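The values are calculated or read from the model by the stated rules, or taken from the named source; none is laboratory data. These numbers come from a predicted model, not from an experiment. When we count neighbours, we look across all protein chains shown, and the Cβ atoms used for this are built from the backbone with ideal geometry, even at glycine. Ligands, DNA and RNA are stripped out before the accessible areas are found, and what is left, the full protein with its side chains, is counted by its heavy atoms. Shrake-Rupley method; radii C 1.70, N 1.55, O 1.52, S 1.80 Å.
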Amino acid sequence: MPTTPQSNPEKLETSWRALQEHANQLKSQHLRDLFSADAERFQRFSLEFGEVLLDYSKNFITDETLKLLRDLAQQADLKGWIERMFSGDRINNTENRAVLHTALRNRSNTPVMVDGENVMPGINRVLAQMDDFCGRVRRGEWKGYTGKTITDIVNIGIGGSDLGPHMVATALRPYWKDGLTAHFVSNVDGTDINETLAKVSPETTLFVIASKTFTTRETMTNAHSARQWFLDNSDGDPLKIRHHFVAVSTNSSAVQAFGIDSHNMFEFWDWVGGRYSLWSAIGLPVALVVGMENFKQLLAGAHEMDRHFAEADFSENMPVILGLLGIWYRNFFNAGNHAILPYDHSLRLLPAYLQQADMESNGKRVTRDGVPVDYDTGPVIWGQPGTNGQHAFFQLIHQGTELVPADFILPIRTHHPISEHHEILSANCIAQTEALMRGKTEDEVRKELLDAGMDEDQITMLAPHKVFPGNKPSNTLMMRQLTPYNLGTLIALYEHKIFVESIIWNINAFDQWGVELGKQLAGVIEKELDSAKPCTSHDSSTNGLVNYLKK
Ligand code: F6P
């Protein structure tokens with residue numbers, strides 16, 4: 001049972017116990033029965049915000065569940081933590097940093113103070129710099145070294161410096177300017193950069209080197225390879241690099257050392273976490289292809305969600321509801337994973353994006369104060385776009401032994417209205433949530449098989465395989481259309497959901513120490529791979545693998 005510095009441990013424990021007892025009672029009921037007993041269930045457990053609808057009625061919940069979950073949030077001082085985040089407190093305690101991705105999209109421009117300084121003028125300055133730069137590239141005024149206009153943007157980054165802009169640029173493909181294409185290189189595997197460079201010309205390509213630290217091994221390796229490729233395939237003049245390379249970073253000295261003109265560096269700040277950075281200049285490749293007006297719409301959609309999160313009562317607060325449902329399944333139903341199922345091909349990178357957002361944030365084993373937790377924290381996040389997933393892993397969700405709470409996401413209008421495609425897609429999305437919820441009973445199966453003309457032996461043999469237990473929870477998020485604004489709203493919704501969970505679990509959602517050890521050891525092994533001597537410094541497996549590779 002988690003306790004936080006601000007919480008009242010006794011009351012929190014009471015809330016936790018009450019939820020435990022309530023979960024035990026609810027486990028004997030089937031979702032199908034909850035629906036039969038209440039014709040108004042959809043109306044009561046759905047919520048509209050802007051152009052987004054959240055239907056959370058297909059969850060193991062009653063009014064009592066939500067009341068108990070809200071009690072828990074109150075005992076954990078969720079309201080206080082939301083205020084602390086928005087007002088620039090250093091809630092990332094292990095890095096002693098504020099957490100202010102919300103300031104990046106603060107379209108109301110009200111002052112946000114960090115250490116007595118308003119951060120908004122700095123944010124507005126970088127937005128203006130992006131606006132100016134994107135305008136020049138998009139109007140063809142920014143020329144390559146031979147005087148040609150830019151046709152290709154290659155973003156080089158990894159983790160938050162890749163997943164966010166890559167996902168958003170892919171989602172907003174219908175808004176791209178004709179003649180301008182975005183590419184994303186992240187993997188240090190040379191295949192990634194090689195395959196991308198094969199598609200572009202040095203005369204018309206602009207590289208965006210995106211790295212908060214400008215030290216990340218993968219990004220710097222790819223950036224140096226791109227730089228070398230440019231020199232090898234142009235007239236070789238290093239002074240021309242400034243026409244083709246810009247940087248997004250917090251580390252201006254490293255950017256200059258790389259050879260990028262300081263005028264072509266877009267700054268951001270240590271209070272922007274990598275996985276929360278797409279709203280900063282890390283969104284530059286998105287702004288380049290969709291234009292600054294659309295990028296600002298993305299920010300505006302997120303800002304509306306921020307206000308909703310900060311102001312709405314918990315009973316009608318979308319991120320709070322989703323976060324509390326996350327707690328409900330993780331801690332009271334032992335669900336170790338959560339599926340993200342966008343029924344929109346343009347959102348195909350959303351599961352990978354949310355994997356980092358959620359798992360790097362909430363994959364923690366100690367509390368904010370460093371005490372090991374004795375309850376489960378962040379689940380495994382995974383998913384694929386529908387309907388593809390239906391032909392792959394849905395079997396396990398329907399009939400396997402693992403509980404997989406799932407989010408279905410469906411834009412009502414498509415950007416690609418071709419024949420009946422979108423109707424088929426939408427029908428499948430809604431049908432899956434129904435099938436998961438209601439299932440198919442043995443009686444229903446037997447009747448179906450009888451109607452198909454089977455004899456009793458065949459029916460007895462087949463029936464258990466064809467039964468769907470149902471009672472599988474899901475949320476459905478529908479939006480009018482996948483616009484920049486609605487996408488901003490959707491992403492901010494998930495960011496805040498993750499934050500809500502972290503507060504209940506009393507963990508720091510904004511550090512990521514778990515990525516360090518592998519990086520350190522890779523540095524050691526890289527040197528050993530280079531050395532002529534056999535490797536003997538590790539355990540026998542690691543030595544064996546290094547030596548096998550060297551051979
Ligand atoms: O994987 C660790 C991490 O620090 C992420 O949090 C971050 O998004 C990514 O690496 C990239 O870091 P940077 O932007 O500094 O290159």
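Setting aside same-chain residues fewer than 8 positions from Lys440, which lysines have a Cα under 18 Å from its Cα? Within the straight-line limit of under 18 Å, Lys440 reaches these lysines: Lys58, Lys466, Lys472.
Between 0 and 90 degrees, rounded to the nearest ten: what's the tilt of helix 9-26 against the longest Cα principal axis of the chain? Tilt relative to the chain: about 60 degrees. Angle of helix 484-505 to the longest C-alpha principal axis of the chain, folded into 0 to 90 degrees and rounded to 10: 70°.
With K and R counted +1 and D and E -1, the other residues having a Cβ less than 12 Å from that of Lys79 yield a net charge of -2. Looking at the chain, I'd like the Rg to Rh ratio, where Rg is from alpha-carbon atoms and Rh is Kirkwood's inverse mean 1/r. On the Cα set of the chain, Rg over Rh gives 1.00. With the charge dipole of the chain set up from +1 on Lys and Arg Cβ and -1 on Asp and Glu Cβ about the Cα centre, the Cα lying farthest toward the positive end among the listed residues Trp229, Val445, Gly273 is that of Trp229. Partners of Lys550 within straight-line reach, counting lysines whose Cα lies under 24 Å from its Cα and excluding those fewer than 8 residues away in the same chain: Lys519, Lys527, Lys533. Distance between the C-alpha centres of segment 497-551 and segment 398-450: 41 Å, rounded to the whole angstrom.
Please compute the contact order of the chain in relative form: average sequence separation of alpha-carbon pairs under 8 Å and at least six residues apart, divided by the residue count, as a percent. Don't skip to the end; give the middle numbers.
Working: 894 pairs, mean separation 103.6, N = 551.
Over the chain, the number comes to 19 percent.
Within the chain, the longest run free of GluC sites (Glu not before Pro) that sit in a DSSP loop with at most 12 other Cβ atoms within 10 Å is 142-401. For Phe86, the solvent-accessible surface computed with a 1.4 Å probe is close to 50 Å², ligands and nucleic acids excluded.
Assign one of three labels to segment 8-118, namely rounded, prolate or oblate, based on the Cα gyration tensor with a ≥ b ≥ c the square roots of its eigenvalues; rounded applies when a/c is under 1.5, prolate when it is not and a/b is larger than b/c, and oblate otherwise. If you can, show how the numbers build up before the last one.
Details: a/c = 3.87, a/b = 1.70, b/c = 2.28.
Taking the square roots of the gyration eigenvalues as a ≥ b ≥ c, segment 8-118 is oblate.
Here segment 104-296 is described by how far its Cα atoms reach on the three principal axes: 49, 33, 29 Å, from widest to narrowest.
Accessible area per residue was computed with a 1.4 Å probe on protein heavy atoms; Tyr375 scores about 30 Å².
For Thr149, neighbours were defined as the other residues whose beta-carbon sits under 9 Å from its Cβ, and their charges (Lys and Arg +1, Asp and Glu -1) total +2.
Axis angle, to the nearest 10 degrees, between helix 318-332 and the longest C-alpha principal axis of the chain: 60 degrees. Database remark: amide H of Lys440 closer than 5 angstrom to the amide H of Phe468, Gly470 (H placed geometrically; neighbours at sequence offset of 5 or more, or on other chains; Pro and chain starts carry no H). The HN-Hα couplings worked out from phi for segment 379-393 by the Karplus form 6.51 cos²θ - 1.76 cosθ + 1.60 (θ = phi - 60°) are x, 6, 9, 7, x, 8, x, x, 8, 3, x, 4, 9, 10, 10 Hz, whole numbers, x standing for Gly and Pro. Beta bridges per DSSP, both residues in segment 340-480: antiparallel share near 20 percent. Are any of the pairs Lys27/Lys67; Lys143/Lys177; Lys143/Lys199; Lys67/Lys497; Lys79/Lys296 more than 23 Å apart by Cα-Cα distance, and if so, which? Long pairs (Cα-Cα over 23 Å): Lys79/Lys296.
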